[in-house]
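Notes for the one structure printed next.
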Amino acid sequence: MDLPAIPPIEFLTSVDSTNSYLLQRNGSYLPFQAVATQSQMAGRGRLGRSWESTSGLGLAVSIALPVMAGVANAGLHSLLVGSAVLRFVQGQGVVEAQMKWPNDILVGGRKISGILCEMTPAGFVVAGIGINLFHAENQLPLQESTSLAVEGVHVEDVRRFTHNLVENLVKVWAAAENSATNWSKFLSPSIGTLGQRVKVVETQDHSWDGVAEGLNDDGHLLVRSFQDGVLRTVVAADVLHLRQ
Ligand code: BT5
């Protein structure tokens, strides 16, 4: 399979948000153009949440990805990016890493990476990836977080690491393009949430428990409720893995 060469990655000393930085370009991108920093001062998560990456110990990278044919929503793109990041983190030696639907990479229940995909009007999706690299246990931003260092992986060269991460994403993009629209089949093996007992948090005041039984071709999670046995389609919510 011939893969496109990736454009040179722009490394910034510091920036508010790598996603915002790329989005400001208003659609003038080369495919797989990326920007990265170890000092992101106002990293954004989903739903107005934030991503902590001010310490210089993590990596924030955003990539302009060509919108996948037939995929209109950011959610499915986010799952595709998540599956690439999962494989990459596992390839670094963290074999027990898992993807929690929709966009967290966890190791033993602790978050090592988060993904934020934002659609642009010009046929690209800006995919933002935050990864904790060098934090020691006492430098982690949250109790439920971890880093590659804590998991025993030492990153020697951040630029090379970033390059390999982007290259890995290009490979997953090419494989996904070839798999047409059978997204459930393509993505399900990457999603650790499947088969788990979960709490679906719809709003602060409304949550329910069930078993995650599958994923549909729109990337939505199918959860069978414990309360009434109905299989519900979860489009947008936070999902917590319950202890078995
Ligand atoms: C995410 O949102 O996990 C998406 C994070 C995306 C960050 C990247 S960095 C490059 C690009 N530029 C940006 O501005 N953003 C992207 P969400 O699922 O909403 O999770 C946010 C939650 O993760 C926070 O509320 C915290 O609980 C937790 N969190 C924040 N920083 C963390 C960190 N460094 N490590 C682990 N967990 C963290």
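Derivation of every value follows stated rules applied to the coordinates shown; laboratory data play no part. Keep in mind that what you see is a predicted model, and the values were worked out from it rather than measured. Neighbour counts run over all protein chains shown; Cβ positions are idealised from the backbone, glycine included.
Helical content alone sets the calculated 222 nm signal of the chain at -6500 deg cm²/dmol, taking -39,500 (n - 2.57) per DSSP H segment of four or more residues and averaging over every residue.
With the simple model of a label 7 Å out from the Cα in the direction of the Cβ, Met119 to Lys185 spans 2.6 nm. Taking 1.306 mPa s as the viscosity and 10 °C as the temperature, the Stokes-Einstein diffusion coefficient of the range 93-238 based on its alpha-carbon Kirkwood radius rounds to 92 µm²/s. Expressed as a fraction of 2.2 N^0.38 Å, the value expected for a compact globular protein of N residues, the C-alpha radius of gyration of the range 134-203 is 1.53. Approximating the spin labels as points 7 Å out from Cα along Cα→Cβ, the Lys199-to-Gln90 distance works out to 2.8 nm.
If you build the Cα gyration tensor of the chain and take the root of 5 times each eigenvalue, what three semi-axes come out, in whole angstrom, biggest first?
Values: eigenvalues 149, 96, 56 Å².
After scaling each eigenvalue by five and taking roots: 27, 22, 17 Å.
Where nothing but the Cβ of Lys and Arg (+1) and of Asp and Glu (-1) is charged, how large is the charge dipole of the range 148-190 around its Cα centre, in debye to the nearest 20?
Details: 4 positive and 5 negative charges, 30 e Å.
Its charge dipole is roughly 140 debye.
Which one, Pro66, Ala42, Val15, projects farthest toward the positive side of the charge dipole computed for the range 1-88 from Cβ point charges (K/R +1, D/E -1)? Most positive-ward Cα: Ala42. Computed about its Cα centre, the charge dipole of the chain is approximately 100 debye, with only Lys, Arg, Asp and Glu carrying charge at their Cβ. Projecting the Cα atoms of Trp183, Thr203, Gly123 onto the charge dipole of the range 102-244, computed from C-beta unit charges around the Cα centre, puts Trp183 farthest toward the positive end. Per-residue Karplus couplings for the range 209-223, computed as 6.51 cos²θ - 1.76 cosθ + 1.60 with θ equal to phi - 60°, are listed in order as 10, x, 10, 6, 9, x, 10, 9, 6, 8, x, 7, 8, 9, 10 Hz, Gly and Pro entered as x. Listed by chain and number, the lysines placed with their C-alpha closer than 20 angstrom to that of Lys199 are Lys100, Lys111; residues fewer than eight positions away on the same chain are left out. Derived scalar couplings between HN and Hα for the range 116-122 equal 10, 9, 10, 6, 10, x, 10 Hz in order, rounded to whole Hz, by the Karplus curve 6.51 cos²θ - 1.76 cosθ + 1.60 (θ = phi - 60°), x for Gly and Pro. Taking the Cα centre of the range 61-190 as origin and assigning +1 to Lys and Arg Cβ atoms and -1 to Asp and Glu Cβ atoms, the resulting dipole is close to 220 debye. Could you please state, rounded to a whole Å, how far the C-alpha centre of the range 181-244 is from the C-alpha centre of the range 13-37? Result: 32 Å between the Cα centres. Please enumerate, by chain and number, the aspartates and glutamates with C-alpha under 19 Å from the C-alpha of Lys185, excluding those fewer than 8 residues away in the same chain. Of all the aspartates and glutamates, those that pass the test against Lys185 - Cα under 19 Å, at least 8 places apart if same chain - are Glu177, Glu213, Asp217, Asp218.
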